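Everything below concerns the one structure shown next.
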Amino acid sequence: MSLSLEAIQAAAERLKGHIVETPCAFSQKLSAITRTQLWIKYENQQYTSAFKERGALNKLATLSADERARGVYAASAGNHAQGIAYHAQRLGIPATIVMPHGTPFVKVQKTQSYGARVVIEGANYDDSSAHAQKICADAGAVYVHPFNDYDVMAGQGTLAIEMLEAVPDLDVLLVPIGGGGLIAGMATAAKALKPWIKVIGIEAAMYPSFAARRRGLNMPTGGSTIAEGIAVKAVGDLSFTTANPLVDDVLVIDEADFERAIAAFVNVEKTVAEGAGAAGLAAVMRYPEKFEGQKVGLILCGGNIDMRLLASVLQRELVREKRLVTYRILGDDRPGMLSLVADVISRKGGNIVDVAHNRLVLDVPAKGAEFDILVETQDARHAHEIADALRATGYALRME
């Protein structure tokens, strides 16, 4: 067997009316920031907030009546789980999902809300997958692989058809890679419809399985990435064999890149992306010279991020931009010292958010104290102006 444009087109017909044909919209602001012409496919607008519905539904729709009655099993860090659970419920198919320890609670909760039985087992996706396949075999049910399955790949490939229908003259498609199902489907469709288009994969630095296999390298994988949706230790055999000849390049990006892109989606586009969902924008922001002046299509492939994590990412971005700054001051432990410092910050237009007062630091004199003052500023220039004013008081200062 292999994957073909005809199979992807058939999947597109199956999916019509059952999933959202999400917008593929031009971003004027992000295009200006990245010096590209940037189109975003908003898959976070699917009912389960992720593209995984496409492959899940296409697979479920191809099952026989007997297979549907026996039920389905799957392993997933979240989005495949929700896609299977939601559409299995719609079709009256019993579903069991195995999820690894540490899966964001929002994904576990949503999967259960769609009627699936959730089993938490395994330290990562690979462990969960092994357990899911074992209990699936014991139950005599059907295992639905999240990426190493031609029907699933065909469903994911419908994204490329929609994007090229919306913007036929795209030069580049940027596609996140976990197990490889999305890029296999999209590359197959895109290269068949427009052979000269570039298809570039994006991987997390902690999980570069596709890039390692492509380059014949033994690269370490593992770790707690914010892009847990693409945290897969080994790319699928079928998905790799399908995608590799069609993929023009694979870019590996760091955790800070994901964070910046998540924050940019919130602050600029006013939309929410999970880590993996921000991979395409993260790549453009990390490697702007590779895409300058080109028409780039990327997939905001999921928006299921824990709200506490999102809050942390947004605050960390404020720190990167020097809009949230800690001034560490070594001063006298005497009345009026904090009042003096606060007055300097106030006159410069800074807003004090928090103050930590530490008398027990041993490299500080016994009659002194260390103060950490967290201040909200306008920008990096403003932050340095406040720092200069504080130094003018005569106290030692470090800005963090």
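All of the numbers you see were taken from the coordinates with simple rules; none came from a lab. Keep in mind that what you see is a predicted model, and the values were worked out from it rather than measured. Cβ atoms come from the backbone with ideal geometry, glycine included; neighbour counts cover every protein chain shown.
Taking Thr22, Thr96, Thr158 in turn, the Gaussian network model of the chain (Cα-Cα springs below 10 Å) assigns the largest fluctuation to Thr22. Applying 1/(1 + (r/R0)^6) with r as the Cβ-Cβ distance of Ala65 and Gln89 and R0 = 22 angstrom yields a FRET efficiency of 0.80. A simple count of charges around Val252, restricted to other residues whose Cβ falls under 10 Å of its Cβ and scoring Lys, Arg +1 and Asp, Glu -1, yields -2.
Computed over Cα pairs, the Kirkwood radius of the stretch 53-143 leads via Stokes-Einstein (1.002 mPa s, 20 °C) to a diffusion coefficient of 170 µm² per second. Evaluating 6.51 cos²θ - 1.76 cosθ + 1.60 at θ = phi - 60° for every residue in the stretch 64-72, the Karplus couplings come out as 6, 4, 5, 5, 4, 5, 6, x, 10 Hz, glycine and proline recorded as x. Taking Cα centroids, how far is the stretch 329-354 from the stretch 114-163 in Å? Value for the Cα centre distance between the two parts: 56 Å. Our helix-only sum for the chain, with -39,500 (n - 2.57) per DSSP H run of n ≥ 4 divided by its residues, gives a mean residue ellipticity at 222 nm of -13000 deg cm²/dmol. Residues Asp379, Asp149 in ascending order of nearby Cβ atoms (within 10 Å, fewest first): Asp379, Asp149.
Here the chain carries DSSP beta bridges of which approximately 45% are antiparallel, counting only pairs with both residues inside. Fewest-first ordering of His357, His87, His382, His80 by other beta carbons within 10 Å of each residue's beta carbon gives His357, His382, His87, His80.
From the P(r) of the chain, could you give the percentage of C-alpha pairs in the tail past 33 Å? The calculated P(r) of the chain puts 39 percent of pairs beyond 33 Å.
Taking the fewest neighbouring Cβ atoms within 10 Å as the starting point, the ordered list for Lys41, Lys107, Lys348 is Lys348, Lys41, Lys107.
Between Leu251 and Gly201, Ile202, Glu203, the built amide H atoms are under 5 Å apart, and every one of these is 5 or more places off in sequence or on another chain. The alpha-carbon of Lys270 sits under 20 angstrom from the alpha-carbons of these lysines, leaving out residues fewer than 8 places away in its chain: Lys29, Lys41.
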